[in-house]
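Note sheet for the following structure.
A short reminder: the numbers here are calculations on the coordinates, not readings from a lab. Not measured: the values here are computed from a predicted model. Using ideal geometry, Cβ is built from the backbone for each residue, glycine included, and neighbour counts are taken over all protein chains shown.
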Amino acid sequence: MNSSKNDLTRLAIHTITTKPWSLEEACENYASRGVPGISVWIEAIEGRKTNDVKRIIDRAGLEVPALVRGGFFCDPSPSERACKIERNKGLLASAAEIGAQMLVLVVGAVPGQPLATQRDWVREAIEKLLPTAEQFGVQLAIEPLHPMYAGDRSCVTTLGQARRICEQIDHALVGVALDVYHVWWDEDLDLEIERIGKRGELFAFHLCDWRCPTRDMLNDRALMGDGCIDLARIRAAVHTTGFEGWEEIEIFSTEHWANDQSVFLDQIIDRYQRFAIDND
Ligand code: ZN
């Protein structure tokens with residue numbers, strides 16, 4: 001990699017990272033700093049027409065790696081599961097309409113059901129979404145979440161589980177979103193990155209850090225370098241696969257949201273550049 005100090009060409013930021021900003025403010029500020037990508041959370045565009053959203057993003061000259069997030073497929077009731085699939089078809093349409101390359105899937109979980117059964121529901125749901133994904137040309141990226149969310153948010157907690165679902169489905173539009181926050185602890189991390197990369201199924205790379213101690217299970221993500229994740233090593237493993245996708249900053253943090261978002265954005269870019277340069 002030959003990144004220069006100013007090389008932000010693969011950098012994208014998730015709207016949730018600067019949650020206090022409107023979509024317009026996020027687009028204007030990212031673009032003004034030379035950040036070329038914005039991954040859009042559905043909360044950021046709620047109640048808005050997708051063509052208006054696309055106009056705002058296009059006006060800023062930004063690209064959209066992902067619409068975040070669909071999924072939540074798990075429910076003991078087959079009719080409820082069917083409703084969830086329909087909802088995701090709508091999200092695939094929205095993703096296409098705003099120019100997003102992929103829909104990120106947080107696959108869901110419900111208490112009291114075997115996790116293996118729930119992973120079968122996830123596979124079935126994604127298979128049923130394939131015609132719609134093909135119609136719109138939008139990728140489906142399974143994002144494993146940290147096991148602390150296995151009870152009610154994600155029955156897929158490792159890259160290995162996500163890979164196995166991808167292997168079962170075996171479709172060019174189905175792959176994995178690797179978020180360092182969720183998988184950094186996994187002893188099979190390097191092996192799974194290599195396996196997923198070899199199959200061409202590594203679609204997304206999400207960056208932040210794991211604060212020690214963590215004060216909140218959801219909203220205490222840290223800026224790169226402020227936590228204990230070996231980002232350099234993970235990034236090297238990702239790049240070894242030939243990954244040429246976006247590097248997406250995804251930090252939800254009550255602490256950072258309370259600060260001036262312009263200052264926070266400058267910090268993000270500074271940390272990203274240091275992190276990228278130190279390891280290239
Ligand atoms: Zn993520």
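Only a single item in (1) among the small types (Gly, Ala, Ser); (2) over 19 Å from the mean Cα position of the chain (by Cα); (3) at negative phi is not met by Ala95, and it is number (2). Screening Ile251 on (1) touching a residue at least 40 places away in the same chain (Cβ under 8 Å); (2) in contact with a Lys or Arg (Cβ under 6 Å, 6 or more places away or on another chain); (3) farther than 28 Å from Leu92 by Cβ shows it passes everything except condition (3). Scanning region 212-227 for residues that are away from the ligand (no atom under 15 Å from the Cβ) and loosely packed, with under 13 Cβ neighbours inside 10 Å returns Cys212, Pro213, Arg215, Asp216. The criterion of at least 3 residues that are within 14 Å of the chain's Cα centre (by Cα) is met by the following helices (runs of 4 or more DSSP H) wholly inside region 145-261: 180-183. In region 24-34, the residue that is nearest to Val263 (Cα to Cα) out of those that are buried (at least 23 other Cβ atoms within 10 Å of the Cβ) and not hydroxyl-bearing (Ser, Thr, Tyr) is Ala26.
For region 107-149, filtered to residues that are among the small types (Gly, Ala, Ser) and closer than 21 Å to Pro76 by Cβ, the residue that is surrounded by the fewest Cβ atoms within 10 Å (Cβ to Cβ) is Gly112. Select from region 150-165 the residues that are of a type outside the set (Lys, Arg) and either surrounded by fewer than 19 Cβ atoms within 10 Å (Cβ to Cβ) or touching a Gly at 6+ places or on another chain (Cβ under 6 Å) (or both) and list them in ascending order. Those that are of a type outside the set (Lys, Arg) and either surrounded by fewer than 19 Cβ atoms within 10 Å (Cβ to Cβ) or touching a Gly at 6+ places or on another chain (Cβ under 6 Å) (or both): Ala150, Gly151, Asp152, Gly160. With respect to Val35, determine if the residue is touching a His at 6+ places or on another chain (Cβ under 7 Å) and closer than 25 Å to Leu178 by Cβ. When the stated conditions are applied, Val35 does not pass them.
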